[in-house]
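One structure is given here, and the rest of the page talks about it.
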């Protein structure tokens, strides 16, 4: 074999196995062989795109999990504790056992980055309009309603978050903002089957985000819910359930 051809043959497999540049991905690959194989099957441009997605994902999870940041809980205790704390804060220690607090039904990230700023702008416009026409009952009512809307959203933003749907929708929102051509980002719901699933209803469901190659629909799961870490899991592992799946940090904590 010609020396140059031999060199190319040797270099190609080595290049395909180059370690990830993101330190958490490198740790993930040492822990979870399925995720590592999935990544190394990608083309170099796809690997670059995925690392950009993962950087946004891990940054989101870090900010949510920061005790001084976004008041984010997670895991089974997160689901239970999030609802319990919010309900009792809104309705009292007794009333909260029977009444459910209002919650933002879409995304905590969108609440903070879109809904709250827009409510603040709407209230500023209504307040100015009412000041310019002090005799207008219509404008006074508009100021009152926009002020209440802003107060409601501010109260929701102060509540704990951390149910699986909070995590899934926020991951999709944050990662979808990474401009790249190779992946689509979706959310998916896995529901328990059988009698138990029928009894539990929505409580027997789990929601997560996934990144899928547009060319092949080959997917990887992005699910921080169980431990509050930027986890990755293969589709096969995720099918075992969030608590049973082998994933990036199911054996140790992230290095950063």
Test for residue 59: is it at pLDDT below 85, closer than 30 Å to residue 153 by Cβ and surrounded by fewer than 16 Cβ atoms within 10 Å (Cβ to Cβ): no
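Yes/no matrix, rows are residues, columns are (1) surrounded by 13 or more Cβ atoms within 10 Å (Cβ to Cβ); (2) on the phi < 0 side of the Ramachandran plot; (3) in contact with a strand residue (DSSP E or B) (Cβ under 9 Å, 6 or more places away or on another chain); (4) at pLDDT below 95:
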{"site": "70", "(1), (2), (3), (4)": "yes, yes, yes, yes"}
{"site": "74", "(1), (2), (3), (4)": "yes, yes, no, yes"}
{"site": "85", "(1), (2), (3), (4)": "yes, yes, no, yes"}
{"site": "90", "(1), (2), (3), (4)": "yes, yes, no, yes"}
{"site": "97", "(1), (2), (3), (4)": "no, yes, no, yes"}
{"site": "100", "(1), (2), (3), (4)": "no, yes, no, yes"}
{"site": "110", "(1), (2), (3), (4)": "yes, yes, no, yes"}
{"site": "117", "(1), (2), (3), (4)": "no, yes, no, no"}
{"site": "123", "(1), (2), (3), (4)": "yes, yes, no, no"}
Would you list the helices (runs of 4 or more DSSP H) that sit entirely within region 1-54 and hold 1 or more residues that are modelled with pLDDT of 50 or more? 23-31, 33-40
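The values are calculated or read from the model by the stated rules, or taken from the named source; none is laboratory data. These figures come from a predicted structure and were not determined experimentally. With ideal geometry, Cβ positions are generated from the backbone for all residues, glycine too; neighbour counts draw on all protein chains shown.
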